């Protein structure tokens, strides 16, 4: 990422909305859908404000309780983060953010809307995901990066799905070393996580965020008792898979065949560079000693597939979690399935103008930091 300066319209939500509408119209010819989508954003913001006002009246003191030893999953997309996030969230030991809870981070709204989720799925943006790449729904646990995107229309989601299509490269607009929104984002996210814990009656939460890996020292300073799981997988596997996931959503939403091939390739190149930078930021902090290694457990994807039960023994001890006998049985059964698992998601580097050797060269620093990586 370059040490430039973000465009002025990146500084305000209205500016980001205006820029996003122009990009979507210019790239996909989409004019009505962005207006509808951003109007929906505005309606949801007002509804959430009402729900949180009611929450303060009903649960004021309970919502002030600080998070207790949050477990945080970071790592590049397609490194096994979603699987582990959902597994821990459904273990009975931790609460994880479901998509509808991030859209409506209010105890009151969650209780009102939970029975309506089957109806709301019809208009949910989750329907644009290809199930082979990433099955999701409003009731599925999802990456907590969604909290920032839905509240502020900002962050890496904004860049990955919209702003990377612009004529100029707008990566500086979401680069924390150029435009630091960490305090704003953490204030909103922390509120949502405390709401999650109260709504689920949980003592602790599990958070998944791939962007926190690029700013982990600041997060650990803010949450000194957090336990971090850094998932790492061969970039030859993660990067094409991540590109396939993002472009699959956009294709279902807008149709990529209407986009000029040169513009599509430029987009692929920008997302490719951003994925590499996510690796680079974590590894730079890790290698320079800016991250307390006693608070981070590195989880290789290959081990999660081949030695899930042994890995979970170490992970539960590291995170200070006590597994019930029923969970132990579930872990053993999962370990057997993991060893035989084959993904139905089909993709390749050549789909995005890449090849495996190029990825290995560009990500040589990843293999140097984690020499045991394997496909």
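If R0 equals 30 Å, the separation of the Cβ atoms of residue 22 and residue 187 corresponds to a calculated FRET efficiency of about 0.55. Mean sequence separation of contacting Cα pairs (under 8 Å, at least six apart), scaled by the length of the stretch 246-375, corresponds to a relative contact order of 31 percent.
Pop the C-beta distance of residue 54 and residue 257 into the FRET formula with R0 = 56 Å and round what comes out to the nearest 0.05. E(calc), rounded to 0.05, equals 0.75.
Please report, to two decimal places, log10 I(q)/I(0) for the stretch 264-375 at q = 0.19, 0.23 Å⁻¹ as given by the Debye formula with identical point scatterers on the Cα atoms and no solvent. One equal scatterer on each Cα of the stretch 264-375 leads to -1.15, -1.26. Each of residue 62 and residue 277 was given a label point 7 Å from its Cα along the Cα-to-Cβ line. The distance between the two points is 4.2 nm.
Please give the per residue volume of the convex hull enclosing the alpha carbon atoms of the stretch 68-127, rounded to a whole number of Å³.
Values: hull volume 7.2 nm³, N = 60.
About 120 Å³ per residue, rounded to a whole number.
Across the stretch 282-341, Cα-Cα pairs more than 19 Å apart make up 43 percent of the total. Of all DSSP beta bridges in the chain, what percent run antiparallel (nearest 5)? Once the DSSP bridges in the chain are tallied, antiparallel ones form about 5 percent.
Counting only DSSP H runs of at least 4 residues, each contributing -39500 (n - 2.57), and dividing by the residue count of the chain, the helix-based mean residue ellipticity at 222 nm comes to -16500 deg cm²/dmol.
Stretching residue 225 away from residue 269 to a fully extended chain increases their span by 12.1 nm, per 0.36 nm per residue minus the current alpha-carbon distance. Panel values: the stretch 238-314, Kirkwood radius from alpha carbon pairs, Stokes-Einstein at 25 °C and 0.890 mPa s, translational diffusion coefficient 158 µm²/s.
Summary of packing: across the peptides 309-315, 44-50, the per-residue average of other C-beta atoms within 10 Å ranks them, highest first, as 309-315, 44-50.
Rg and Dmax of the stretch 1-88, both derived from C-alpha coordinates alone, stand at 19.2, 49 Å. Of the peptides 352-360, 194-202, 284-292, the ranking by mean beta-carbon count within 10 Å, highest at the top, reads 194-202, 352-360, 284-292.
Taking only the C-alpha atoms of the stretch 8-369, the Rg (one decimal) and the largest Cα-Cα distance, Dmax (whole number), read 20.1, 58 Å.
The packing ranking, built from the mean of other Cβ atoms within 10 Å per residue, places the peptides 60-73, 213-226 in the order 213-226, 60-73, highest first.
Shape descriptor for the stretch 185-289: Rg over Rh equals 1.06 (Cα atoms; Rh from the Kirkwood inverse mean 1/r).
Placing one equal scatterer on every Cα of the stretch 198-237 and applying the Debye formula, the log10 ratio I(q)/I(0) at q = 0.17, 0.31 Å⁻¹ is -0.61, -1.16.
Computed from the coordinates by the stated procedures, all read-outs in this text should not be read as laboratory data. Given the structure is predicted, the values throughout are model-derived calculations rather than measurements. Using ideal geometry, Cβ is built from the backbone for each residue, glycine included, and neighbour counts are taken over all protein chains shown.
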